[in-house]
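All of the numbers you see were taken from the coordinates with simple rules; none came from a lab. In this text, all values refer to a predicted model and were calculated from it rather than measured experimentally. Here the Cβ positions follow ideal geometry from the backbone for every residue, glycine too, while neighbour counts run over all protein chains shown.
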Amino acid sequence: MADITVQNLTKYYGDRLILKDISFDIQPGEKVAILGANGAGKTTLLNILTGRLSYDGGHVAFGQGRTAGVIDQMPDFPPESTVEDILRLAFKESDEVAAAMDALTDEMTRKPDDASLLKRYAQLETRLEILGGYNRDYEINRVCNGLEIAQEMRSQKFDLLSGGEKAFVAIALYFAILKVRPTPFCMLDEIDAALDDRNVERFANYLRTFCNKTQFIVVTHRRGTMEAADVLYGVTMQEQGVSKILHLDLNQMEQILKLEKK
């Protein structure tokens with residue numbers, strides 16, 4: 001049984017037809033890449049799948065108990081942040097829980113006979129464990145090692161990095177978040193666009209390590225990411241302004257996009 005099924009999906013913006021009779025399904029365990037020219041409707045399709053955008057016809061269904069998260073191209077980060085600061089944002093809630101535990105410890109010292117404080121502390125301790133707070137540094141190091149982010153880069157100011165380096169750090173944060181809060185589906189909207197070829201390869205290789213817990217739908221123009229996918233869908237405009245879906249294999253993709261074969 002498919003985890004996502006899309007049948008005859010149609011979308012209008014006003015009187016303008018954008019998506020016409022889009023149909024496909026995604027089977028358990030598949031990694032899916034969505035290809036297409038700028039403006040073809042790839043992001044519109046992702047926004048429909050994640051519920052950000054309504055549609056006008058057809059049917060979208062998820063398997064029982066399945067939900068989807070979406071990751072956009074570049075979030076806004078607090079000014080003056082270092083790379084390490086940004087990676088630790090994945091554990092923001094666990095840091096808040098740890099701070100509350102510290103404050104509660106001080107209060108229990110002042111009120112040693114208050115059983116309600118001990119009960120509250122136990123609840124916070126359980127929450128911290130669920131959030132992975134006790135393993136924060138270990139998990140951040142695992143992500144950085146997996147993506148080959150050097151220790152010296154982690155101490156740099158984020159604003160001083162190149163565009164490609166910023167994108168790569170954002171990707172590292174996304175993976176750290178997935179470590180803390182795995183989701184059955186994750187939709188990535190061209191987050192590899194600013195990466196050089198080497199970092200695309202690192203991204204694609206590390207993406208594979210999450211596939212036992214999460215299925216990915218990736219909008220991409222990058223060959224290295226396409227090669228990591230199990231299924232390729234092309235969004236094409238066979239009619240002016242109207243997008244349709246083509247199911248491709250890598251050889252067809254090379255012919256259509258005229259990519260040079262390695």
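Assigning unit charges at the beta carbon (Lys, Arg +1; Asp, Glu -1) and nothing else, what dipole magnitude in debye, to the nearest 20, does the chain show about its Cα centre? List each step's numbers first, then the result.
Values: 31 positive and 39 negative charges, 109 e Å.
The calculated dipole for the chain is roughly 520 debye.
Taking Cα Rg over 2.2 N^0.38 Å as the quantity of interest, determine which of (1) 1.19; (2) 1.01; (3) 1.06 was computed from the displayed structure.
Given (1) 1.19; (2) 1.01; (3) 1.06, the structure-derived one carries the label (1).
Could you give the angle, 0 to 90 degrees to the nearest 10, between helix 163-180's Cα long axis and the longest principal axis of the Cα atoms of the chain?
Helix 163-180 sits roughly 60 degrees off the main axis of the chain.
Give the peptides 43-51, 60-68 in descending order of average Cβ contacts within 10 Å, highest first. List each step's numbers first, then the result.
On the way: 43-51: 20.0, 60-68: 12.8.
Highest mean packing first, the order is 43-51, 60-68.
Once you keep just the Cα pairs under 8 angstrom separated by 6 or more residues, what percentage relative contact order results for the chain?
Values: 412 pairs, mean separation 76.2, N = 262.
After rounding, I find 29 percent.
With the dipole of segment 62-184 worked out from charges on the C-beta (+1 for Lys and Arg, -1 for Asp and Glu) around the Cα centre, which of LEU87, GLY63, LEU104 lies farthest toward the positive end?
Of the candidates, GLY63 comes out farthest on the positive side.
Give, rounded to the nearest 20 debye, the magnitude of the charge dipole that segment 1-118 has about its Cα centre when Lys and Arg contribute +1 at Cβ and Asp and Glu contribute -1 at Cβ. Numbers along the way, then the final one.
Numbers: 11 positive and 19 negative charges, 171 e Å.
Result for segment 1-118 is approximately 820 debye, rounded to the nearest 20.
Take each of the peptides 154-166, 203-215, 186-198, average the number of other beta-carbon atoms within 10 Å over its residues, and list them starting from the highest.
In decreasing order of mean packing, 154-166, 203-215, 186-198 become 186-198, 203-215, 154-166.
If we sort 167-180, 100-113 on the protection proxy, mean other Cβ atoms within 10 Å, highest first, what's the order? Don't jump to the answer; show the numbers that get you there.
Values: 167-180: 21.8, 100-113: 11.4.
Most protected by this proxy first, the peptides run 167-180, 100-113.
Run through the DSSP bridge list for the chain and note the antiparallel percent, rounded to the nearest 5. Walk me through the numbers before you get to the answer.
Values: 19 of 37 bridges.
For the chain, the DSSP antiparallel bridge percentage is about 50.
Under 8 Å for C-alpha pairs, at least 6 residues apart: give me the relative contact order for segment 152-240, rounded to a whole percent. Before the final figure, lay out the partial values.
Working: 67 pairs, mean separation 26.6, N = 89.
Taking the mean separation of contacting Cα pairs over the length of segment 152-240, I get 30 percent.
Given labels modelled 7 Å from the Cα in the Cβ direction, how far is it in nm from HIS221 to LYS111?
5.9
Could you check the spin-label model distance between ARG142 and HIS59? Points 7 Å from the Cα along Cα→Cβ, value in nm.
Distance between label points: 3.9 nm.
Mind listing the phi-derived Karplus ³J(HN,Hα) values for segment 215-224, rounded to whole Hz, using 6.51, -1.76 and 1.60 with θ = phi - 60°, and x for any glycine or proline?
So the J values, rounded to whole Hz, are 9, 10, 10, 10, 7, 8, 10, 9, 4, x.
How large is ³J(HN,Hα), in whole Hz, for each residue of segment 86-103 in order, when computed from phi with the Karplus curve 6.51 cos²θ - 1.76 cosθ + 1.60 and θ = phi - 60°, using x for Gly and Pro?
With coefficients 6.51, -1.76 and 1.60, one gets 5, 5, 6, 4, 4, 10, 4, 5, 5, 5, 5, 5, 4, 5, 5, 5, 4, 5 Hz.
Between ALA37 and ARG120, what FRET efficiency follows from the Cβ-Cβ distance if R0 is 45 Å, with the result rounded to 0.05? It would help to have the intermediate numbers written out before the result.
Working: r = 55 Å, r/R0 = 1.23.
According to the calculation, E is roughly 0.20.
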